[in-house]
Amino acid sequence: SANLAASRNGAPAAARQPQEIRGVHALVKWESPADEVRGIAAGAAVLLRDHAVLPHQIGFAVPNRTWAVQLAQASIAEAGEVPSGSAAVIFDFRTPERNVEWLFVVGCTEGLMPTAAATGDDEASRAVQQEQRAAFAHLVADDRPHVVLSYFAQADVALADQIRLPYRRTITRDGISLACLTPTRFISEMGAARPTTVGSQRFLRDAGLN
């Protein structure tokens, strides 16, 4: 089961969170990019409000600057009673790792990770993809105590086309055409180490948010 205050080594959960993540990793599936950003920011805010971790011990690895800005804005909106100056670390997943206790890897959707520059058939693209694969693998290494991977499974077709998210089928909801998306190939390549998928509502419920 999923809960934000769990650890691999059995550290106690925050008082108002009775359940825990089983294992090191979890993969949270969101319906849309906006849901993902708001939900992950809310989950991190719970850790801060419950004093489960210090702000600088929370890290958000993101696929690009757009996601960084949106996540920063959502984190500010979710801060609520968290003291001013409390801020998690937001960084590009390709950059050297930050020493954080809680890591949220956001935007693990195919097309964002690997980036568009790493999806060509030429040698340069393959080399870039291998660099990004190695960076991702380092982020989710087994020695990190708390890792939450996150992706969105649907996006407006216009947005998916604009930012080059690959999709094979679409659905229509409330008159809007939505592209059906998949997690990054880096997750499927994890094999037996692939994390258990957790629905967004389960994630929020276990965090005490709905």
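Taking all protein chains together and a probe of 1.4 Å, list Thr119, Thr184 from the most accessible to the least accessible. Mind dumping the intermediate values first?
Working: Thr119 60, Thr184 0 Å².
Most to least solvent-accessible, the answer reads Thr119, Thr184.
In region 143-167, whose amide N lies under 11 Å from the spot 7 Å out along Cα-to-Cβ of Ser177? List them in ranges.
Residues 157-159, 161 fall inside that zone.
Suppose each label sits 7 Å from its Cα in the direction of the beta carbon; what would the Asp161-Asp92 distance come out to in nanometres?
About 2.8 nm, to one decimal.
Under the rule of at least 5 residues apart or a separate chain, name every residue whose amide H is placed under 5 Å from the amide H of Ile90.
Here Phe60 satisfy the definition.
Roughly what would the spin-label model give for Glu101 and Arg169, points 7 Å off Cα along C-beta, in nm?
With each label placed 7 Å out from Cα toward Cβ, I get 4.4 nm.
In region 130-169, which residues have a backbone nitrogen under 14 Å from the label point lying 7 Å from Ser188's Cα in the Cα-to-Cβ direction?
Taking a point 7 Å out along Cα→Cβ of Ser188, the residues of region 130-169 whose backbone N falls under 14 Å are 166-169.
How much accessible surface does Thr170 have with a 1.4 Å probe, in Å² rounded to 10?
70
The values are calculated or read from the model by the stated rules, or taken from the named source; none is laboratory data. Since this is a predicted model, take the numbers as computed values, not measurements. Cβ: placed from backbone, ideal geometry, glycine included. Neighbour counts: every protein chain shown. With ligands, DNA and RNA removed, areas are computed over all heavy atoms of the protein, side chains included. Shrake-Rupley method; radii C 1.70, N 1.55, O 1.52, S 1.80 Å.
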